């Protein structure tokens, strides 16, 4: 965690002051399907069953799908995280799937993580009738490391590069991306931080470099710019990429706030619809795994979550 942080650049962005009430759910009944195995890839030489939890509101008609990707520094993938926020989105009329994905703990890289997100999307499309899902309306929503994977999934619409495994007759394309405080250009992930933090993030074997090169590599995203480019969502942007919203805390001590501005500029340069929101005074939003239970409060306000669901309503036509 950074000791010092540069002031956030709010250029071409909308600033949200996260005051007002926290989110509250209505009395809509939501059915939860737990521990659905959606893929069984190899990780660290062994078969690994990846699971998801799916929340489906008990309302009429097929539901747009939101695939939630939790954060965890590319080390953790706890699909039970942020239950309150996920339930709130389901309460608005969406089927919400929270997924596991491969991390550095099994020697996996970003290529595996992106493949897992796409596998989950294909699986849910293949089982749409069983769960009442509208296959034409799919979004990805990620936080932190999950925001990075969501950005990669949405950027790579129209390409099969990261598609592998089962249900390959189904599309992994998405119609919207919600990227909350996610990484992008990994070589610049600590540019807003003090020199000691920046050195630690970019050192050989760091959590960043392990997720790009594997745990035993001495390469870094700085010394291997081609590898950094291959891991950057901006590299894959095209006219097929999904619309984005990027949400970033102005006082983020985990991922530099400039990461979302870099990606915003890249999206606009490619003609991809994108809006960036800066949440005033907010730190990194999923620091509960570090013991900070208050950092997430700005992110669960009605103002911030209403911004997210308003975007989903517009793009998925609910």
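The values are calculated or read from the model by the stated rules, or taken from the named source; none is laboratory data. Nothing here was measured: the structure is a model prediction, and the numbers come from that model. Cβ: placed from backbone, ideal geometry, glycine included. Neighbour counts: every protein chain shown.
Scanning the range 222-234 for residues that are over 18 Å from residue 75 (Cα atoms) and either touching a residue at least 40 places away in the same chain (Cβ under 8 Å) or not in a helix (DSSP H, G or I) (or both) yields 222, 223, 224, 228, 232, 233, 234. Considering the range 121-209, the qualifying helices (runs of 4 or more DSSP H), each wholly inside and each with 1 or more residues that are over 15 Å from residue 110 (Cα atoms) and out of contact with any helix residue (DSSP H, G or I) (no Cβ under 8 Å at 6 or more places or on another chain), run over 128-131, 195-202.
Of the residues 266, 242, which is in a helix (DSSP H, G or I) and modelled with pLDDT of 95 or more? Just one listed residue meets the conditions, 266. Only one of the listed residues (209, 167) is within 30 Å of residue 38 (Cα to Cα), at pLDDT 95 or above and surrounded by fewer than 23 Cβ atoms within 10 Å (Cβ to Cβ). That residue is 167.
For residue 88, the requirement of being under 23 Å from residue 180 (Cα atoms), modelled with pLDDT of 95 or more and not in a helix (DSSP H, G or I) is not met.
Residue 138 - would you say it is buried (at least 24 other Cβ atoms within 10 Å of the Cβ) and without any contact (Cβ under 8 Å) to a residue 60 or more places away in the chain? Against the criterion (buried (at least 24 other Cβ atoms within 10 Å of the Cβ) and without any contact (Cβ under 8 Å) to a residue 60 or more places away in the chain), residue 138 does not qualify. Taken over the range 226-250, the criterion of being crowded, with 18+ Cβ neighbours inside 10 Å and over 18 Å from the mean Cα position of the chain (by Cα) is satisfied by 227, 228, 250. Scanning the range 210-221 for residues that are within 19 Å of residue 263 (Cα to Cα) and in a helix (DSSP H, G or I) returns a single hit, 212. Does the range 40-49 include one or more residues that are more than 25 Å from residue 303 (Cα to Cα), at pLDDT 95 or above, exposed (fewer than 13 other Cβ atoms within 10 Å of the Cβ) and within 21 Å of the chain's Cα centre (by Cα)? Yes: the range 40-49 contains one or more residues that are more than 25 Å from residue 303 (Cα to Cα), at pLDDT 95 or above, exposed (fewer than 13 other Cβ atoms within 10 Å of the Cβ) and within 21 Å of the chain's Cα centre (by Cα). Listed conditions (1) at pLDDT 95 or above; (2) surrounded by fewer than 19 Cβ atoms within 10 Å (Cβ to Cβ) are all met by residue 216, apart from (1).
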